[in-house]
Amino acid sequence: MPIPSLTPFVAALAMTGAPVQNPNAFNPKISLVGDFAFRLKDDDKDAEHADFREVELGFAADVDPFLKAEAYLAIEKEDGESHINVEEAFGQYNQLGRGLSGKFGRIAAAIGRTNRNHRDQLSFMDYPLVITDLLGDEGLRAGGASISYLMPGDRYLDFTLEGVDAEDGPLFSGSRAPSPVWVGHARTFFDFSEDLSAQFGVSAANGPSMDGRSNLVGTDFTMKWQPGKQGRSLLFEVEAYWADSAAPGTPKTFGMFADMEYQVSRNWFAGVRYDSSEIPGTADTHIAWTANVTRKVTEFEHWRLEFKQIASNYESLRSTLTLQFQWLIGTHPAHKY
């Protein structure tokens, strides 16, 4: 059986069992992302500072003809102190046969689309409220295993089943390897024309919490319009989640967000997002409006000015204005569709 990722000569050696040197032994793909923010205005005056938010170091390489490994380490600033956080570190088998692929290690759970992206890959500076309220400050990332199946046929349709050990989070916590958080996701794509395409997905999760097992179901829709004319594009996405906390006497919660990013010209983008979220296990709710303008000097650096306003039933109205500078050196994985 040929191995598409290798030259015919190396593939032949691999099939005969002869030793083959890792083609990436001395040159793994390395990336470094720097994320700096200057809080120009904040109703919380203690937050008006200028400093880096995150520096992410990434590695990716083929371990052998069958396995690809990736690892992403983030140095983050939190409460004035720097912390090293392993965002993801996993091995991935893409050729298990019969449409199957597998991922093992610390992974971003396949819940919706936004949760699977790193923060530097977002069109906005932070994750939506519903993601942080249900899954944690940077979504659900934990050790575990993931199996995906791509159905044969003309219609793209894939299914993912995961078991992850989410130790501590707003909705899921206290899991162990024998009793993980189970995550399922299905998605399909639509090509309406050469310029317009969309992805639709559904998610479900069930896992332990302090008072039993909690449940989560959600849906996600992403549409991209990218005509042949250079300097014009549109990205629209919406995700909605319903959560049932295991805590006794707590109602089911609902949260959603919808955002749009429009490419005004070759280097300028404008975005707007609406967030609404009910915090699980409480009667607290909050909503947010976010608007930003981004200048992407090249694909390796951008400047972003972002305004955000959050209203809730437990805190006073808060408005922020932030200037962000982000740069990339090396090779970083593409954004998830």
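The values are calculated or read from the model by the stated rules, or taken from the named source; none is laboratory data. For clarity, every value in this text was computed on a predicted model and none was experimentally measured. All Cβ positions, glycine included, derive from the backbone under ideal geometry; neighbour counts span all protein chains shown. Only protein heavy atoms, including side chains, enter the accessible area calculation; ligands, DNA and RNA are left aside. Shrake-Rupley method; radii C 1.70, N 1.55, O 1.52, S 1.80 Å.
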Item checked: Any chance residue 314 is within 29 Å of residue 173 (Cα to Cα), of a type in the set (Phe, Trp, Tyr) and either out of contact with any strand residue (DSSP E or B) (no Cβ under 9 Å at 6 or more places or on another chain) or modelled with pLDDT under 95 (or both) -> yes
Next item on the list: Looking at (1) surrounded by 16 or more Cβ atoms within 10 Å (Cβ to Cβ); (2) touching a strand residue (DSSP E or B) at 6+ places or on another chain (Cβ under 6 Å), find the lone condition where residue 132 falls short.
Entry: (2)
Margin query: Based on this model, can you work out whether residue 240 counts as touching a His at 6+ places or on another chain (Cβ under 9 Å) and farther than 19 Å from residue 167 by Cβ?
Written below: no
Check: Do any residues in the range 224-239 that are touching a residue at least 12 places away in the same chain (Cβ under 8 Å) have Cβ atoms under 6 Å from those of residues that are open to solvent by 80 Å² or more (accessible area, probe 1.4 Å) and in a loop (DSSP other than H, G, I, E, B), where the two are at least six apart or on different chains, and which pairs are they?
Finding: 231/266; 233/226
Next item on the list: Starting from the range 301-326, keep only residues that are touching a residue at least 60 places away in the same chain (Cβ under 8 Å), then list their pairs with residues that are crowded, with 16+ Cβ neighbours inside 10 Å and of a type in the set (Asp, Glu) whose Cβ atoms are within a distance under 6 Å, requiring at least 6 positions of separation or different chains.
Entry: 320/42; 322/306; 326/35
Notebook entry, point to check: Which one is most open to solvent (accessible area, probe 1.4 Å), of the residues in the range 69-120 that are over 23 Å from residue 203 (Cα atoms) and among the aliphatic types (A, V, I, L, M)?
Noted result: 84
Check: When residue 198 is evaluated against the numbered criteria (1) free of Cβ contacts under 8 Å to residues at least 60 places away in the same chain; (2) under 23 Å from the mean Cα position of the chain (by Cα); (3) in a loop (DSSP other than H, G, I, E, B), which criterion, by number, is the only one it fails?
Finding: (3)
Check: Out of the range 24-54, which residues are part of a strand (DSSP E or B) and open to solvent by less than 40 Å² (accessible area, probe 1.4 Å)?
Finding: 31, 33, 34, 35, 37, 42, 53, 54
Next item on the list: Using the structure shown, decide if residue 21 is open to solvent by 60 Å² or more (accessible area, probe 1.4 Å), modelled with pLDDT under 90, under 28 Å from residue 220 (Cα atoms) and not hydroxyl-bearing (Ser, Thr, Tyr).
Entry: no
Checklist line | Enumeration of residues in the range 187-204 that are surrounded by fewer than 16 Cβ atoms within 10 Å (Cβ to Cβ), within 30 Å of residue 228 (Cα to Cα) and aliphatic (A, V, I, L, M) | finding: 196
Item checked: Tally of residues being assigned to a strand (DSSP E or B), at pLDDT 90 or above and of a type in the set (Asp, Glu) across the range 78-124 -> 2
Checklist line | Number of positions in the range 259-280 that are open to solvent by 30 Å² or more (accessible area, probe 1.4 Å), free of Cβ contacts under 8 Å to residues at least 60 places away in the same chain and not in a loop (DSSP other than H, G, I, E, B) | finding: 6
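Being over 22 Å from residue 126 (Cβ atoms) and open to solvent by less than 20 Å² (accessible area, probe 1.4 Å) is true for just one of 249, 231. Which residue is that?
Answer to the check: 231.
Rundown of residues vs (1) in contact with a Gly (Cβ under 8 Å, 6 or more places away or on another chain); (2) closer than 30 Å to residue 233 by Cβ; (3) at pLDDT 90 or above; (4) of a type in the set (A, V, I, L, M, F, W, C), yes/no style:
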residue	(1), (2), (3), (4)
127	yes, yes, yes, no
150	yes, yes, yes, yes
155	no, yes, no, no
175	yes, no, no, no
186	yes, yes, yes, yes
192	no, yes, yes, yes
Check: Any idea how many residues of the range 135-175 are farther than 17 Å from residue 199 by Cα, open to solvent by less than 20 Å² (accessible area, probe 1.4 Å), not small (Gly, Ala, Ser) and not in a loop (DSSP other than H, G, I, E, B)?
Finding: 3
Notebook entry, point to check: In the range 73-91, what residues are under 17 Å from the mean Cα position of the chain (by Cα) and closer than 22 Å to residue 146 by Cα?
Noted result: 73, 85, 86, 87, 88, 89, 90
Note to self: What's the number of the only condition in (1) in contact with a Gly (Cβ under 7 Å, 6 or more places away or on another chain); (2) within 20 Å of residue 332 (Cα to Cα); (3) at pLDDT 95 or above that residue 57 fails to meet?
What the structure shows: (1)
Notebook entry, point to check: Considering the range 25-65 alone, what residues qualify as being within 30 Å of residue 319 (Cα to Cα), of a type in the set (A, V, I, L, M) and under 24 Å from the mean Cα position of the chain (by Cα)?
Noted result: 33, 37, 55
